[in-house]
1. Suppose each label sits 7 Å from its Cα in the direction of the beta carbon; what would the residue A:47-residue A:426 distance come out to in nanometres?
2. Please determine, in degrees from 0 to 90 and to the nearest 10, the orientation of helix B:186-198 with respect to the longest principal axis defined by the Cα atoms of chain B, where the helix direction is its Cα long axis.
3. Is the shape of the stretch A:371-427 best called rounded, prolate or oblate, per the rule: a/c under 1.5 gives rounded, else a/b larger than b/c gives prolate, else oblate, with a ≥ b ≥ c the square roots of the Cα gyration tensor eigenvalues?
4. With all pairs of different alpha carbon atoms counted, what Kirkwood hydrodynamic radius in Å does the stretch A:278-374 show?
5. Using only Cα atoms, tell me the angle between helix B:103-117 and the longest principal axis of chain B; keep it within 0 to 90° and round to the nearest 10.
6. Run the Debye formula on the Cα coordinates of the stretch B:9-259, all scatterers equal and no solvent, and tell me log10 I(q)/I(0) at q = 0.07 1/Å.
7. Quick one: Cα centre-to-centre distance for the stretch B:123-140 and the stretch A:1-70, in angstrom?
8. Taking chain B as a Gaussian network, Cα atoms linked when under 10 Å apart, which of B:230, B:153, B:100 shows the biggest mean-square fluctuation?
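Rule-based calculations on the coordinates, nothing more; no lab input. Everything quoted here is computed from the prediction, not taken from an experiment. Here the Cβ positions follow ideal geometry from the backbone for every residue, glycine too, while neighbour counts run over all protein chains shown.
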């Protein structure tokens, strides 16, 4: 059954020729296929096990127009938070409502062989790379929202590191969105290609205001011995529905280290696919979900081990207050012959209020003999004895709650790269923990 | 004795029970004046730790009757942090491990919370570090413990030493030390006792809750009270501890009917 939501996007078929790449037959065809596939499949339903905890039905009756392209001279105008101005990134590339904002970006290459530019430019300047990779990571047949993004993305991040090149400073891609004039949709896109033995540190941040549907899709390709540190920072407003589909294809001895913090959004879903397709490829995922009010955070990870001695580690911590909901579904698939696979998964949750809920679903699908896989999940409240201990030393109840929650979250935050990022996250997490004393915490 | 001064702590006919538990107080009356050291002894389950918990504001206890004032203020109406700000300190029988918060950060936050509540300026990181180092030396504590998570992986003796370090930093007017001697070997006991003795002053009072009299060889109390079945059944001077030592708690429990 087609909903108004789907029909609204179907109607944008006529706009496809106005999007970048319309002169490139392969890209035009990809967009056409993406939209057709989305319209055919519609929005994933909670009947689909993969989407059980991310209910998109509230959007069914809402038509989202494309977010307006607006000129932006001062990033502060639209809540580009201060840390972005702190200058931790040598290179910053900003997209406002999906369109490249050159006035507030700085993309001059600090080193030969490292390219950071909007996809709209790269499609022509680096046509071969784009043709080889764009649309080759995410499976639009199986992922309707990635298909929708493929069809309608206005622009996106393109990062390419040539063989052996090491980006000596972090690159920051900021996706800012506003919902001026009614419900709006934005489709942030990213293509990140690191050739063999290249290294880069990347921060992708998502921020915005208003009734937005932010539907991101990121494709990552790591060559042999390449290493990528990738921070995903989701700080949308609590009126926004945020979905992100990420696919990382990792070659032999490549290492993809993902650090994800999901703080904002009404519904925020992060879906990570990692394909460890060659020997000794590695993936790590350190994720923090912080929920309050009636927010929903859904983290879904699918790790495919299909070569020998591949390794993955998933560490997830969730802090859930009020009536917020969290979900972590982590599937590890070990293909026949992928011997020597080592996969670990842990999910620990701090439940701050009686109405907050967390669902953890570990799933191990193992078709090889010689593998080491483990998973563990814990749920708990703040320890009343620890709270009393702090209070008995003079620390006020709300402050004690903040301190203990921070101590819980710090284990993940402290693994994030970049001091300024850790500082920012500390401040954000502290700020999110309402200083409302002990209601609902103690029995 | 300083009978002329007003009591710092005045407990009258206090009745309390542990929520979801067995501990109970059936009418405790106790006056502690500035500078006095009182020892509260008694067998297991007599209500010693219940009394310590009620006075410090542990929320698992419900007070059903009676009163307790601290420096003339209704102690039982105050939140635990307000009691701490007014100068009450509880040394825990089982100090809590808090992963992720360093001892130094914890202590600075605690001290500055109390200073702030009393209208005093907060100490900055440097000033605090000086103070902390000096007090740690006094407690013969390895500085490495200051940068470790609170009590995490500490031995029993290190935890108790850490409690006394906290007391030394916070400089309370009344310290209630709940079985601070339990689980300590004789060397650790001496260090802890020295820490307490170093803080003795005409203004500062201490309540030592202990099962054994051996702590009282190192910290000499002015008064000893014996608890049984949630009541004080004997009060006296130091000689009472010696009598208990020779006769055991069975003697008190069997004669407690006459005592009350």
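1. For the pair residue A:47/residue A:426, the computed spacing is 5.0 nm.
2. 80
3. It comes out oblate by the Cα gyration axes.
4. Hydrodynamic radius (Kirkwood, Cα pairs) of the stretch A:278-374 is 14.0 Å.
5. Once rounded, the angle reads 70 degrees.
6. Each listed q maps to, in turn, -0.23.
7. Taking the Cα centre of each part, the stretch B:123-140 and the stretch A:1-70 sit 62 Å apart.
8. B:100
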